[in-house]
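J.: Take a look at this one; I'll ask things after.
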Amino acid sequence: MLYSQYCRIESAAGGVGCTAREFVRAAHKKINAKGKTRALRDARHAWLRAGLQYRIDARCTVNTFRL
């Protein structure tokens, strides 16, 4: 997943404080019909895992620098 994609999905999900479930639901809205097929399941899951890793990194950064 590109970082710009992550940023758009995160904004749609409600920001850095969104839950993993909200993030995945917002990401599914960005996927076209072919991307939701069974044939592309493994690629879709890898794409989602990359986005969730960006989310974890962003939350760690926010918690580190929170005043």
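The values are calculated or read from the model by the stated rules, or taken from the named source; none is laboratory data. If you're wondering where the values come from, they're calculated on a predicted model, not measured in any experiment. Every residue, glycine among them, receives a Cβ derived from its backbone with ideal geometry; neighbour counts consider all protein chains shown.
J.: What number of residues within region 1-22 are under 21 Å from Thr64 (Cα atoms) and either small (Gly, Ala, Ser) or touching a Cys at 6+ places or on another chain (Cβ under 6 Å) (or both)?
T.: Summing the residues that are under 21 Å from Thr64 (Cα atoms) and either small (Gly, Ala, Ser) or touching a Cys at 6+ places or on another chain (Cβ under 6 Å) (or both) in region 1-22 gives 5.
J.: Hey, could you check region 22-67 for residues that are of a type in the set (Ser, Thr, Tyr) and modelled with pLDDT of 95 or more and say which is surrounded by the fewest Cβ atoms within 10 Å (Cβ to Cβ)?
T.: Only one residue fits best here, namely Thr37.
J.: Under 6 Å between Cβ atoms, which residue pairs at least 6 apart in sequence (or on different chains) link something in region 48-64 that is on the phi < 0 side of the Ramachandran plot with a partner that is among the hydroxyl-bearing types (Ser, Thr, Tyr)?
T.: Partner pairs satisfying both residue conditions: Gly51/Tyr6; Tyr54/Tyr6.
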